[in-house]
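Notes follow the structure.
Read the figures in this text as sums done on the coordinates, not as results from a lab. Here the structure is a predicted model, which is why all the values come from computation and not from measurement. In this analysis, Cβ positions are derived from the backbone assuming ideal geometry, glycine residues included, and neighbour counts consider all displayed protein chains.
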Amino acid sequence: MARWAYVNGRYVPHTLAAVHVEDRGYQFADGVYEVVTLLDGRFADLDGHMARLDRSLKELRIAWPVAPRVLDFVVRELVRRNGVRNGSVYLQVTRGVAPRDFRFPDDTPSSLVVTTRRVQQWAKPGQLSDGVAVITIPDIRWARRDIKTVALLPQALGKQQAAEAGAYEAWMVDPDGTVTEGTSANAWIVTPAGVLVTREASPRILNGVTRLSLLRLARERGVPVEERPFTVAEALDAREAFLSSAGTFAMPVTRIDGRAVGDGKPGALTMALRQAYIDHVLGTPA
C-alpha cells in the first residue's frame, strides 16, 4: 500500500512530501505540533489534542492553516488512505514560508503537514513486565514549556543522553531539585502512602493530554492525587513511578539513576491506570 502525507492542501506520496527551504519551522523552529495515537482504529483523546493545538497556536500568534473541522477531516482521510488502525498521526503547523527575518511576516499563510505512522506493538518485550529505566538531567529548556513547539533540541539531547546510558528516558530536573517531566513524557510517582503525584500544569511543563485523562481516571477510581513538584530523592523513595505520553499510555519506571524504585517491579497502580486508559480509548467511537 502506498503511503501518503498531507502538505498544504494536497495529499502527496510520503516520499515526495516536502516544505519550502524558507519555511519558518525549518529556519526558526517557529511552529507547533501534536501527536495523536490510534488504537484499534480509535483516536486517543483527539478533542484534547485539537484543543491543545488551538492553545499553542494562540500563544505563538499563528493562524489556523485550515478550519478545525477541515483539519479533522484531513486527519481522518489520511488515516483512511494509509490504512492505519494502530499507530499515530503527526500534525505540524508553522508560521509559513517567508524571506528569512526574525520578525513575523505579514499576510503569510501558515503551513500544515500531516503524516501517519503504523505501530506494531506499544511496548517492547520486557518493558511492561520489568519496567524501564530513567536517568535525571538538568532541565535546560526555555520558560514556556507549556507550548508544544517544534523547538525540541534540548529534548533530543536528553533522549540521546538517556540512550547512551542504557535508559529508556531522561527526567529533567529544575535547579531546585524537582523533576519537571521527561524529554517526551510526563513524570509520575506513587508515594509510600499510596498518593499519586505529578507536577501541576504550569509554564514549566507540557500539560499532557494523556496526563489529563490519567488524572481523571485516577480520581474516578478514588485514588488520592496531588498535583505538585516532587524531588529526585522523593522519586527514589517512591512505591511506584511511571511516565505517560500519547505513545506510552502509562509506562512503569523501575529504575532511576541506576537505583530501584520500590521493589524494582512495575507497580499495581501504574498497571491499573494503563489498562484503564486503554479501555477509555477503546470505548471511544471509531
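Hey, what's the Cα Rg ratio for the stretch 127-282 versus the globular rule of thumb, 2.2 N^0.38 Å? Working shown, then result.
Values: Rg = 14.2 Å, N = 156, 2.2 N^0.38 = 15.0 Å.
Normalised Rg, Cα atoms only: 0.95.
Share of Cα-Cα pairs in the chain beyond 25 Å, in percent? Intermediate values should be presented prior to the final figure.
Values: 20111 of 40755 pairs.
Counting pairs separated by more than 25 Å, the tail of P(r) holds 49 percent.
Charges at C-beta only: +1 for Lys and Arg, -1 for Asp and Glu. How large is the resulting dipole of the stretch 1-70 about its Cα centre, in Debye rounded to 20? Write out the running numbers ahead of the final one.
Values: 9 positive and 9 negative charges, 31 e Å.
Here the stretch 1-70 has a charge dipole of around 140 debye.
Å³ per residue of the Cα convex hull, for the stretch 197-242? Kindly include the intermediate steps, with their values, before the conclusion.
Values: hull volume 3.7 nm³, N = 46.
It is 81 Å³ per residue.
Most exposed first by the Cβ proxy, i.e. fewest other Cβ within 10 Å, how do Asp139, Asp54 rank?
Asp54, Asp139
Dividing the alpha-carbon Rg of the stretch 40-154 by 2.2 N^0.38 Å yields what? It would help to have the intermediate numbers written out before the result.
On the way: Rg = 17.5 Å, N = 115, 2.2 N^0.38 = 13.4 Å.
Relative to the 2.2 N^0.38 Å estimate, the stretch 40-154 comes out at 1.31.
Mind checking the dipole of the stretch 4-118: about its Cα centre, +1 per Lys or Arg Cβ, -1 per Asp or Glu Cβ, Debye to the nearest 20?
Numbers: 17 positive and 14 negative charges, 70 e Å.
In debye, rounded to 20, the stretch 4-118 gives about 340.
What percent antiparallel are the DSSP beta bridges of the chain, to the nearest 5?
Working: 43 of 54 bridges.
Looking only at bridges with both residues in the chain, the antiparallel portion is about 80 percent.
Quote the convex hull volume per residue of the stretch 80-210, based on C-alpha atoms, as a whole number of Å³.
Values: hull volume 23.9 nm³, N = 131.
Convex hull volume per residue, Cα atoms: 182 Å³.
Neighbouring Cβ atoms within 10 Å as the yardstick, rank Val93, Val7 fewest first.
Numbers: Val93 26, Val7 17.
Result, fewest neighbours first: Val7, Val93.
Under a plain spin-label model, where a point goes 7 Å from the Cα along Cα-to-Cβ, how far apart in nm are Arg61 and Thr231?
4.2
Where does each of Ile140, Ile189, Ile147, Ile256 land when they are ranked from fewest to most other beta-carbon atoms within 10 angstrom?
Values: Ile140 11, Ile189 27, Ile147 17, Ile256 22.
Listing Ile140, Ile189, Ile147, Ile256 from fewest to most nearby Cβ atoms yields Ile140, Ile147, Ile256, Ile189.
Provide Rg over Rh for the stretch 1-99; use the alpha carbon set for both Rg and the Kirkwood Rh (inverse mean inverse pair distance). Please list the in-between numbers first.
Details: Rg = 13.7 Å, Rh = 14.3 Å.
Over the Cα atoms of the stretch 1-99, Rg/Rh equals 0.96.
If you average the sequence gap of Cα pairs under 8 Å that are 6 or more apart and divide by the length of the chain, what percent do you get for the contact order? Don't jump to the answer; show the numbers that get you there.
On the way: 577 pairs, mean separation 53.2, N = 286.
Reported as a whole number, the value is 19 percent.
Among Leu269, Trp4, Thr191, whose Cα projects farthest towards the positive end of the dipole of the chain, with charges put on the beta-carbon of Lys, Arg (+1) and Asp, Glu (-1)?
Projecting each Cα onto the dipole axis, the largest value belongs to Trp4.
Cα centroids of the stretch 228-261 and the stretch 139-175: how far apart, whole angstrom?
Measuring centre to centre over Cα atoms gives 16 Å.
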